[in-house]
Amino acid sequence: MKRVIVSLTNDISTDQRVAKVCATLIQNNFEVLVVGRKLKSSIPLKRAYKTKRFNLLFNAGFLFYAEYNLRLFCFLLFTKKDILLANDLDTLLPNYLVSKLQNKKIVFDSHELFPEIPELVQRPKVKKVWLALENWILPNLKNNYTVCDSIAKFYESKYHCNFTTIKNLPTKKEVKKGAFSFDTTAKKILLYQGALNVGRGLELMIDTMHSLENHLLVLIGDGDICQTLKDKVSAKKLTHKVVFLGKVTPLALHKLTPLADIGLSLEEDLGLNYRFALPNKIFDYIQAEVPILVSNLPEMSQVVMAYKVGEIVKDHAPEKLASQIKQVLGKDYSSELKLAKSALIWEHQEAQLVAVFNHLK
């Protein structure tokens, strides 16, 4: 049985893509060990595979990346393994070095175009460092997969290396409804689930709530601008219309998502990373049979056009967006959602993923 060490920089608990990849590998006779980091807010893990989380002195900025990568390098170097799986560019360096030093196979899963994330757009010196790392390592990688066709084509064109597309689809689920911990009587629920970070269109949604009566904007997740968003809601006196639920477990989220009337994914075009975005929340909404409202960006809009499961934002002015939300709420997408949810599931692409690991170059 081949042993795969899976590396990521988050705390493992809410990374659904990594969880699905690991579950598929376990089912196909691989042994899995996942390495991440432990935060003060981290919740206990119960997985069918081994996990390890580093307690770090630093949890942000250069010192975080330096400490994590050094710790990861030492751990990988002295831990038994057959295959190394690096998730995103921020774990790639120690994985690549160990693969070269010990002649181990390495697999790279690019969840995004890391040097193009909005947090780096205004930091050219830091971006240059990540790009240099990418330029050095990626042309030498042979076993790669990513979340969408646009990123795959971008990397193939830039570095002349092959990328398989493994979309961030959910596993097949039956709709199970839970309950919110607050009163939603006679309210329409507008749901955003995911990271509360720059460029997610969250400020726009908060502004839009001024034009929507008897609607609640529910934000599930945490991130860099969480407190800024809370301050904005308070300043605009919208605390009765916007609810922050923080992080929840995937199991709890599965029961909350179906309670929504619309699922939101309003990423801004802040560089190639967001332009090519195909967030897993879109597919989670569809699996929960919730219609979606998405930005007019290529990968997201393609899903809407192909499966007719929602609408593409036409105008980002808050009043115009509020009007479009009301139009979406007035339509019935139930038949289209049922068809889409049966097609857009993780199980349909597991064979492609396993093929990557069974035919390593």
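The values are calculated or read from the model by the stated rules, or taken from the named source; none is laboratory data. Everything quoted here is computed from the prediction, not taken from an experiment. Note that each Cβ is placed from the backbone with ideal geometry, even for glycine, and that neighbours are counted across all protein chains shown. Heavy atoms of the whole protein, side chains included, go into the accessibility calculation; ligands, DNA and RNA do not. Shrake-Rupley method; radii C 1.70, N 1.55, O 1.52, S 1.80 Å.
A few comments on the model shown:
- Given 11 as the ceiling on other Cβ atoms within 10 Å, longest exposed-site-free region of the chain for GluC sites (Glu not before Pro) in DSSP loops: 1-173
- Neighbours of E31 by Cβ distance under 11 Å: Lys/Arg scored +1, Asp/Glu scored -1, total +4.
- For the range 90-176, with +1 on Lys and Arg beta carbons and -1 on Asp and Glu, the positive-most of P94, S157, Y145 along the dipole: P94
- Unit charges on C-beta of K, R, D, E only; dipole of the chain, Debye: 1140 debye
- Listed cross-link partners K172/K247; K247/K314; K40/K125; K188/K338 are compared with a 27 Å cut-off, the Cα-Cα value being larger for K247/K314; K40/K125.
- Computed 3J(HN,Hα) for the range 271-283, one whole-Hz value per residue from the Karplus formula 6.51 cos²θ - 1.76 cosθ + 1.60 where θ = phi - 60°, is x, 4, 4, 6, 4, 8, 4, 9, x, 5, 4, 4, 6, glycine and proline marked x.
- Under 5 Å between amide hydrogens, built in the peptide plane, is the criterion, and for V242 it picks out L217 among residues at least 5 positions away or on other chains.
- Vicinal HN-Hα couplings computed from phi for the range 329-334 (Karplus, 6.51 cos²θ - 1.76 cosθ + 1.60; Hz; Gly/Pro x): 5, x, 9, 10, 10, 4
- Relative contact order of the chain, pairs being alpha-carbon contacts under 8 Å that are 6 or more residues apart, as %: 15 percent
- Inter-centroid distance (Cα atoms) of the range 192-239 relative to the range 93-132, Å: 31 Å
- Under-5 Å amide H pairs with K188, H placed in peptide plane, nonlocal only: H215, L216
- Cα-Cα over 31 Å, subset of K127/K241; K230/K341; K52/K104; K158/K308; K128/K308; K100/K341: K127/K241; K230/K341; K158/K308; K128/K308; K100/K341
- Whole-percent carbon and sulfur share, accessible surface of the range 1-109, 1.4 Å: 56 percent
- Each Cα pair under 8 Å and six or more residues apart adds its separation to the average, and for the range 165-313 the resulting relative contact order is 27 percent.
- Amide H to amide H distances under 5 Å link K172 with W346, E347, where only residues 5 or more positions off or on other chains count and H is placed in the peptide plane.
- Across the range 233-243, coupling constants 3J(HN,Hα) worked out from phi with the 6.51/-1.76/1.60 Karplus curve, θ = phi - 60°, read 4, 5, 5, 8, 6, 10, 5, 7, 10, 10, 10 Hz, and Gly and Pro carry x.
- Summary value for the range 1-100: 35 percent relative contact order, contacts being C-alpha pairs under 8 angstrom separated by 6+ residues.
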